[in-house]
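What follows is calculated from the coordinates using simple rules that are stated; it is not laboratory data. Just so it is clear, the structure is predicted and the values come from calculations on it, not from any experiment. All Cβ positions, glycine included, derive from the backbone under ideal geometry; neighbour counts span all protein chains shown.
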Amino acid sequence: MGYVELAAMDRPFLSKAEERRLLEQGISQFGLDPQDARGIVLYVAQQQKMYLEREVDSRILPILSRYGGKRKKIGKKKFREATELYNELSGGVLTEEEARGFVKQVMEQNKFRPKRTMVMSRGWYDKIGKEKKPAPFFALPFRSV
């Protein structure tokens, strides 16, 4: 349990990847069976008031379902609201970009689509999660660097 508590000290939000890593280490390094390892992670998360990504995902899914309706299409405004709610449900520890990435991931896993309008395309949605690349440095031909 101490190992999981140490992992929880850095950040009160545990992503699925971090949770999986802790479970794998509990099984391989400490010889726990999978149910015991999961139980320890859940116990420590509850005691340390940590938020688990999969729990937040399951809580945001009905909200997305309501926003998306039968067609499962979510507009930019509702997406922004869902992002704010996701951050609140995760204890307010995520950056806006992280929260947007997590909401997009939930949308894609559950076959939600961004809503298009007459004026706007779904470019706002496609940009989420894309890293901004720095401008390449080109040496000028008339100058030695």
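For the stretch 53-126, with only Lys/Arg (+1) and Asp/Glu (-1) charged at the beta-carbon, what is the dipole magnitude about the Cα centre, in debye rounded to 20? Please list the in-between numbers first.
Working: 18 positive and 11 negative charges, 166 e Å.
Roughly 800 debye for the stretch 53-126.
Calculate the length of the line joining the C-alpha centroid of the stretch 85-131 to that of the stretch 32-72, in whole Å.
About 18 Å separates the Cα centre of the stretch 85-131 from the one of the stretch 32-72.
For residue 52, what residues show an amide H to amide H distance below 5 Å, using hydrogens built from the backbone and excluding near sequence neighbours?
Here the answer is 14, since their amide H atoms fall under 5 Å of that of residue 52.
From the list (1) 2, 8, 11, 12, 13, 12, 11, 9, 7, 6, 5, 3, 2, 1, 0, 0, 0; (2) 2, 9, 16, 15, 14, 11, 10, 8, 6, 4, 3, 2, 1, 0; (3) 2, 8, 17, 22, 22, 17, 10, 3, 0, can you say which value of P(r) over Cα pairs in 5 Å bins from 0, in percent was derived from the structure given?
Correct label is (2).
Could you list 64, 6, 42, 85 so that the one with the fewest beta carbons within 10 Å of its beta carbon is first and the one with the most is last?
Working: 64 21, 6 10, 42 15, 85 18.
Taking fewest neighbouring Cβ atoms as first place, the list is 6, 42, 85, 64.
With equal scatterers on the alpha carbons only and no solvent term, can you work out the Debye log10 of I(q)/I(0) for the stretch 44-118 at 0.19, 0.22, 0.25, 0.26 1/Å?
For the stretch 44-118, the Cα-only Debye profile gives -0.73, -0.93, -1.15, -1.22.
Multiply the residue separation of residue 124 and residue 33 by 0.36 nm, subtract the distance between their alpha-carbon atoms, and state the gained length in nm to one decimal. Walk me through the numbers before you get to the answer.
On the way: separation 91, 0.36 × 91 = 32.76 nm, distance 4.38 nm.
Between residue 124 and residue 33, full extension yields 28.4 nm more.
Which one, 13, 3, 109, is farthest towards the positive end of the dipole of the chain when Lys and Arg carry +1 and Asp and Glu -1 on their Cβ?
109
To the nearest 500 deg cm²/dmol, what mean residue ellipticity at 222 nm is calculated for the chain from DSSP H runs of n ≥ 4 alone, each contributing -39,500 (n - 2.57), summed and divided by the residues?
Working: 7 runs with 86 residues, N = 145.
Only helices count here, giving -18500 deg cm²/dmol.
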